[in-house]
Every structure is written in structure tokens, then in C-alpha cells.
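Student: Dumping the structure here so I can ask a few things about it.
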Amino acid sequence: MAKHPTPLLDQLETGPWPSFVSDIKQEAEHRSKNPKGIDFQAPQDCPADLLGVLELSFKEKETHWKHGGIVGVFGYGGGVIGRYCDKPEEFPGVAHFHTVRINQPAGKYYHTDYLRGVCDIWELRGSGLTNMHGSTGDLVLLGTVTPQLEEIFYDMTHKLNTDLGGSGGNLRTPADCLGQSRCEFACYDTQDLCHTLTNDYQDELHRPAFPYKFKFKFDGCPNSCVAALARSDFSVVGTWKDDIQIDQAKVKAYVGGEFKPNAGAHAGRDWGKFDIVKEVIERCPTKCMSFDGALKIDNANCTRCMHCINVMPRALRVGKEKGASILLGAKAPILDGAQLSSLLVPFVPVEKPYTEIKEVIENIWDWWMEEGKNRERVGETMKRLSFQKLLEVTNIKPVAQHVKEPRSNPYIFFREDEVLGGWTRDINEFRKRHAR
Amino acid sequence: MAFISSGYNPEKPMEGRITDIGPRSFEDFYPPVIKRNKGKWDYHEILEPGILVHVAENGEKCFTVRCGAARLMSVSLIREACDIADKHCGGHLRWTTRNNIEFMVENEAAMKSLVADLKDRKFAGGSNKFPIGGTGAAISNMIHTQGWVHCHTPAMDASGPVKAVMDEVFDYFQSMKLPAPIRLALACCLNMCGAVHASDIGIVGIHRKPPIVDNEVLDNVCEIPLAVAACPTGAIKPTKTDFDGKKINSVSVNEDRCMYCGNCYTMCPALPLADYQGDGCVIMVGGKVSNRISMPKLAKVVVAYIPNEPPRWPTLTKAIKHIIEVYSKNAKKYERVGEWAERIGWEKFFELTGLEFTHHLIDDFRDPAYYTWRQSTQFKF
Ligand code: SF4
Ligand code: SF4
Ligand code: SF4
Ligand code: SF4
């Protein structure tokens, strides 16, 4: 018998898509039966009371969670989000419902030994409910009580050799696409870069010293599967510098209908016979391709959009001189409107130990920590203080690639040393030439 | 309950303490076929919706079966996924950025038995535990946030409307008949945990009432200057007001200036915005993050308000499905929603979808607004 009747939530149990309501119910039932006789360290009723409070929100159309309190583990300024219910008497099982962010492994690959370890710790010490995964990338453990926080941290670090993720004004848990591990498009090892930087910047991740949050995301190619340039302040997107590699015989195989175009991605509708001119040559955004039995690419005019490679993955490959572009400053609408990241480093080789990339990061941090206002994302700082300033602090030479178009107003700030004679002038000299 | 110690000693928190070790290495978790062929993949193919094969230069194959999943997941369900991975995949599995689960095997026979196993698994309520799909020109799993399950600032729930929308568009999850992929996302407030602002179709929770000032506690629980500074439109001013016959420090809100962003509430719990009549969501359309063909773009608001209608948000799900169907019928192959809308012109987007264009949809926020107005006589009647 369910602890709270949930007539509204019950309506989310039908339909084909996996029902989180059914899943929470199964956990509630499992905990109430407790077949393994676990001495639950967080309320046994936690999932049942979560359903109860959620049902109330469904009825009243308002949330019942209070502003977070400051909770955490010793020595860290992030990784735990305090959460309290505003109806603790009715729903004691979720009166305290703190979240613990576990730093997910790069690429989100797991072995079941590890995941079962997480589940065991979390069943004992928390609600048994998770987010796989949170929006930033962490494995999120949803709902526990304050006295369990240190215990969870101790178990995670000692039993699973795993640390917490970030929260607050610090480096947030970095995340990456699966990249070279299983994707032929990847231009660098996203997992290694993500893992290395996460470890190199543990202090920045755990101890808030920034004006606000700062996110790293790593896409292996311009297809941008982790949406780096929308989801992260510091977006690394794989690219290449030389020519797209063409296998003409395989191009012919696509034209002849031997290979499935788009790797079969459009197979659910009859779009007619594959037409290389209509589907590739004419859709190339820069019109840098031609086909006369053989495929030709004017690589100097290619913007590496990936379209032709996506359509004919067996015939076309990214170039050999691979690396990444770095873009900066994406953020959600709060405060000054949403932003996508802007191109800062057109090309950087991505090679261990990633010194060149780290230099860019650290120059940005030094500047932003000095100049950024409280709760100002770096994307806002660069808007307030100018892209020129950003280039100056990162020692990057301005190039036409940085802009979509040059400015259309002449309100230019010149540096004094750029102007012949400087700015100090003598009014008397001026008056010799011009009467008052 | 008897307290079970992990070994942590609260008297000596530094004793045996392990910190700053970061996540587990991906190397610990790669399936063997991945480890052997990393960086040596030749090509991939989608065999059927949700089933991929990646072929390495040496001919080795990795078959991947992608399953949709609710982001909110119990340890019981994770353990079930582990059972499946142990049975079929040597104990390896992964999650995608869009909260799908991927099971990988090394040959076709193993893939077939894995698929057969996954298909039969249902929750007690009847929904699928591991529906296969989400590849190619399809609708993949919906990125979303916490909503009423866990957050203090939402203007709508997240898991509920996501379940309702995914049920409605499920056919598109399990097929590949759209002109291009559609990325759906939901954020329950403007903080937008997730890339909702660059999704093909995004749902964003909004408030529509200015904050209520909880004068009784405001000065005790908030730093008034921080609350004032938090407001992007300068709607908040410090004031002295009468409470219980006493003069107290508080703030006043200029309601005409408020655009209900909730940033003041983030800084000050005595300024709540949530309201059952005011809250709901907008629909944003036409964002993308891929650089394919056109550059990444931000999504645009095409429906200014839909009320919260738990448990299944029928007005919202109907509108989303309708937009998808009009797009699917009219767009050219490879065209993302935003590329289609830009090619035909947004005025035609509203004509074809029948969505009402209202004053709410004209940008009036700061300088960028001007660039969205039309400085031209070119438009379509
Ligand atoms: S972003 Fe590119 S490299 Fe990474 S998984 Fe997607 S297609 Fe592959
Ligand atoms: S990658 Fe894009 S721009 Fe370059 S040739 Fe192919 S379609 Fe054209
Ligand atoms: S989008 Fe807003 S309300 Fe939703 S989880 Fe994030 S901060 Fe909370
Ligand atoms: S909701 Fe936003 S606009 Fe309104 S008063 Fe608060 S901070 Fe200002």
C-alpha cells in the first residue's frame, strides 16, 4: 500500500516512455520491503515521501523545496547542494534532501562493479534515487541527510576511488563527448583531455575562488554532441587544418547506391535515390565542392562544417592535421541574455600535457578573477570589458577569423602608442595654429 | 537506526582523508573492443533505429544499442541495467550526454539477444524500461532539469512534462523519418541548467508575477544590497517600511520593470516568485549547436506562455507535436528546425504552424532587440 495516494502522478505511469513515477514507486516498495535488511541511514520513506511532495506540487502547481542551506564536506566549497522541504511534518522522509554530485568518468563509460558500488553506498546512505546524469555531467545522488555527507564522501573516496563534482563559484565538473573511443570523426582524445584537466584543476573544482561558475566541455568535432559551445564557458571543439581525406572509389560506391548515405540516419523515409549533387555539393555551405565523376573539394574555402563527412563517412575523413578550436563565454539567459561561446583560439594542437591549452585557461582565469564582478560569467566579463581585452590578456593576436564581420561603427579605442606623437599636447602650440 | 560509520572520524576529519583525487579514469571502464580500437575507427552505420555498428580499421565491430531512460533513476533500475550489462556486455555500459543508456557488444548474435532482452522489460505501470531508439533523423532523449522534484526556483515541473512530451513523440524516437534530428530540451526556470537555449525545440519555465516581498524576514535573511544588485532591470530599491508598528529595512519592487527572471529570489529567499496562476512555460524553437551546414544558433520564443497543466501538460505536448509535424512535412532533407524557419522566413513559420504571433514575441531586452527587428522592405505577405 503506497504511503501517499498519488492520483495525478499515477497518470504518468502509462505510455511508452520510461516512467520515473513507476521507477520511484519500485524503489519505495523495495525500501519498505527491505529484503536485504539494510539499516537505512537516510529515511526509509524517502522515495515514498518524494512521491507525496511531488503529488502535492502537481496539485498546487508550486514547488515545495526551500532555498538551499549551506552544507558540504570539510575542506570543499562545492559538490553538495543543501535542500530542505517546506512541508517537513507531512513528508519527513524528505525533510532534508541534499544532493551529492559525483564526478562522472570521462565519456560516461562505466563498469558494473563500480556502479553497483555507487548503488550500495547510496541505498545505505541516501534516498536510492539519482540523476543519470545532471545537466553539467555529474552522476547526481538525489536526497540525503546532513550527517551522512561526510560518510558518503569517505565511502566514495575510500571504496570507489571517486571524488565529488563541482558546484558554486568554481570550476564545474568538466564533460566530454565519447570522441575517439568510438567515433571516427573525433579530432583529439576528448576523454584524456577532459580527465587530465579535471585532475589538474582539482583545487579550482573543489574550492570556490571564481566570481561565478566556470564550465569546460569537450567536443571531438564540429558536430558538437556535448554542445560545448552552448553549455560551457570554455568550449573545446575538435577541428583540422589540412584537407579532407577523400577515397574516390568509396565516393563512387555511395553514388552507385552501394553504401547507405548518412550512415543510415535518414533510412526511415523514402527520400529518393541518393543524389550527391543535390545532397552534398549543393548543401555545402561554402559551395567549395564539385563533382564530375570524381569529388573535388576546394579545401581553402571549406569551413569544416562536417556535412559532407556525415553524409559519406566511409568515403570522407577529417584531415590529418588535427586539433581543436577554443571558444569562450557561453551561458544561460541569467542575467544578460543567453550567449553561445565566441571563437578565441582558431586552432590549437591537442597534445599531452596540454600546456598550450592550460596557458589559455589560466590567463583567462587570472583576468576574470581580477576583473569579474560577483556572479558574472566570463561571457559577461568579456562583453563588458571587450573582446580586445580578452585577446590582450590571453596574448592572442587578433585575426579576421575572430569575427563574423568587422565593426560597423568607427568608435574605436586606439592605444596611445598607436597614435603618432601620443596624447599629450600643448594647448599653446595648438593656439598658434588656431585662434580661440 | 544505528549509525553505521564509514570510517570517518568527526573528531579528526583529516585522519585518513582522501581528497582531490578526481573522477575514476575512463581507462578503468572502456569495454575491451573500445580499448583496442580507440582512435582507429573507420566508419559507423545505423542498422535500425537505436542500433549502431562501429567498424574499426582492422574490421573489428562494436554494436551499440541505445536506450532511452528517465534521467531520474532509482538504484534498483541502475542495478537492472548492470544485470543486463553483466549478462550481455561483460559488465560494461555507458550513458550519453542526453541521458540515454548504451549497451555495447562485439557481434551481431550478441546484439540480437541483447535487443530481445531489452524489449521485454517493462515497469509495473506498463511503460518501457529500456526503449531502443534515438539515433539519426530522430528525436533523442530530452535534456532536462530538476523541476518540482528537487529545485527551489522552478516555474514548472521537469520530469512530468518530459515524460508527457516523450510519450507523445515516442514514434519519432523509434524511427528516423524526420528531415534531420530534433533536439528537445526543458529547463524549469531561466537559470536553464542545460543547453535549452540552443535546442531545436526548447521548453522553458517562466514566472509571470513579480516577487512578493516577505517584509517580516527580509532584512534578517538577505543582504539588501545584493538583492538590489541582483536585478538586471533595476526594479528593486531599498526601502524602510512599517511592519508590526516598527520601521524596518526592506526592499520595494517596481512591478512595471520586473520581467520575472527570479534572480532576486536566487539571492534572497524573502522574494519568492512561484505562483500557481502565474507560472508556466514558453516554447523556443530553432536553436542548434552542431556546426553542420549552418552555424550554431540560439532558439527563438514562438509561444509566449502555456500554463502548467499537470499531470500531462496537454496544451504543451500538443503544441510541440504540432510544430514537429509541420516541420517534418515542410522542411527539406538535412534541414534542422531553425534552418527551415530561416529559409522560409519566420513570418511563414507562423503562417504554416498557425501559432499566433503576439506582442510578447518581439524582443525588447536591451540592444540586441534592435537586430531582430526588420530593417528592410523584404518580407513575405
Ligand atoms: S562531437 Fe564529433 S567526435 Fe564527438 S561524438 Fe560527436 S561526432 Fe563524434
Ligand atoms: S565540410 Fe562542409 S564546408 Fe567543408 S566541404 Fe564539406 S560540406 Fe563543404
Ligand atoms: S532550471 Fe532553474 S528551476 Fe530548474 S533545476 Fe535549474 S535552477 Fe532549478
Ligand atoms: S524577478 Fe528579476 S526583474 Fe523581477 S525584480 Fe527580481 S531580479 Fe528584478
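Student: Which strands (runs of 3 or more DSSP E) sit wholly inside region B:1-108 and have at least 1 residues that are more than 7 Å from chain A (Cβ to nearest Cβ)?
Tutor: It comes to B:41-48, B:51-56, B:61-67, B:101-105.
Student: Among the residues of region A:193-242 satisfying the criterion of being within 11 Å of the chain's Cα centre (by Cα) and of a type in the set (Phe, Trp, Tyr), which is nearest to ligand 4 (Cβ to nearest atom)?
Tutor: That would be A:214.
Student: Now, a different point. Does residue B:85 satisfy the criteria of being surrounded by fewer than 23 Cβ atoms within 10 Å (Cβ to Cβ) and touching a strand residue (DSSP E or B) at 6+ places or on another chain (Cβ under 9 Å)?
Tutor: Considered against the rule, which asks whether it is surrounded by fewer than 23 Cβ atoms within 10 Å (Cβ to Cβ) and touching a strand residue (DSSP E or B) at 6+ places or on another chain (Cβ under 9 Å), residue B:85 comes out as no.
Student: Which residue pairs have Cβ atoms closer than 9 Å, lie 6 or more positions apart in sequence or on different chains, and pair a first residue in region B:103-126 that is at positive phi with a second residue that is in a helix (DSSP H, G or I)?
Tutor: Here the result reads B:126/A:22, each pair linking region B:103-126 to a residue that is in a helix (DSSP H, G or I).
Student: If you don't mind, there's one more thing I want to ask. Does residue A:78 count as crowded, with 22+ Cβ neighbours inside 10 Å and either of a type outside the set (A, V, I, L, M, F, W, C) or at pLDDT below 95 (or both)?
Tutor: Yes.
Student: Of the numbered conditions (1) in contact with a Phe, Trp or Tyr (Cβ under 9 Å, 6 or more places away or on another chain); (2) closer than 30 Å to residue A:288 by Cα, residue A:389 fails exactly one; give the number of that condition.
Tutor: Status for residue A:389: all satisfied but (2).
Student: Here is a check on your reading of the model: is residue A:43 more than 7 Å from chain B (Cβ to nearest Cβ), in a loop (DSSP other than H, G, I, E, B) and more than 24 Å from residue A:100 (Cα to Cα)?
Tutor: So residue A:43 fails the test.
Student: Also, quick follow-up: As an exercise: evaluate residue A:203 against (1) acidic (Asp, Glu); (2) in contact (Cβ under 8 Å) with a residue 12 or more places away in the chain; (3) surrounded by fewer than 24 Cβ atoms within 10 Å (Cβ to Cβ) and give the number of the one condition it does not meet.
Tutor: Unmet for residue A:203, out of (1) acidic (Asp, Glu); (2) in contact (Cβ under 8 Å) with a residue 12 or more places away in the chain; (3) surrounded by fewer than 24 Cβ atoms within 10 Å (Cβ to Cβ): (2).
Student: In addition: Anything in region A:206-230 that is in contact (Cβ under 8 Å) with a residue 12 or more places away in the chain, at the interface with chain B (Cβ under 10 Å from one of its Cβ atoms), in contact with a helix residue (DSSP H, G or I) (Cβ under 9 Å, 6 or more places away or on another chain) and buried (at least 23 other Cβ atoms within 10 Å of the Cβ)? List them, or say none.
Tutor: Within region A:206-230, A:217, A:219, A:221, A:224, A:226, A:229, A:230 meet the criteria.
Student: Where in region B:150-251 are there helices (runs of 4 or more DSSP H), lying wholly inside it, with at least 1 residues that are on the phi < 0 side of the Ramachandran plot and buried (at least 22 other Cβ atoms within 10 Å of the Cβ)?
Tutor: B:159-168, B:170-173, B:224-230
Student: For region B:134-144, indicate whether the set of residues that are more than 8 Å from chain A (Cβ to nearest Cβ), in a strand (DSSP E or B), within 15 Å of ligand 3 (Cβ to nearest atom) and in contact (Cβ under 8 Å) with a residue 24 or more places away in the chain is non-empty.
Tutor: no
Student: Would region A:280-300 turn up any residue that is on the phi > 0 side of the Ramachandran plot, away from ligand 4 (no atom under 16 Å from the Cβ) and either in contact (Cβ under 8 Å) with a residue 60 or more places away in the chain or part of a helix (DSSP H, G or I) (or both)?
Tutor: Scanning region A:280-300 turns up no residue that is on the phi > 0 side of the Ramachandran plot, away from ligand 4 (no atom under 16 Å from the Cβ) and either in contact (Cβ under 8 Å) with a residue 60 or more places away in the chain or part of a helix (DSSP H, G or I) (or both).
Student: While we're on this one: Looking at B:185, B:164, B:180, B:229, which is the one that is farther than 21 Å from residue A:339 by Cβ and more than 16 Å from ligand 2 (Cβ to nearest atom)?
Tutor: Exactly one residue qualifies, and that residue is B:164.
Student: Out of everything in region A:169-194 that is surrounded by fewer than 24 Cβ atoms within 10 Å (Cβ to Cβ) and within 7 Å of chain B (Cβ to nearest Cβ), what residue ends up being farthest from residue A:243 (Cα to Cα)?
Tutor: A:183
The values are calculated or read from the model by the stated rules, or taken from the named source; none is laboratory data. Everything numeric in this text was worked out from a predicted model, so none of it was measured. Every residue, glycine as well, gets a Cβ built from its backbone with ideal geometry; the counts of neighbours run over all protein chains shown.
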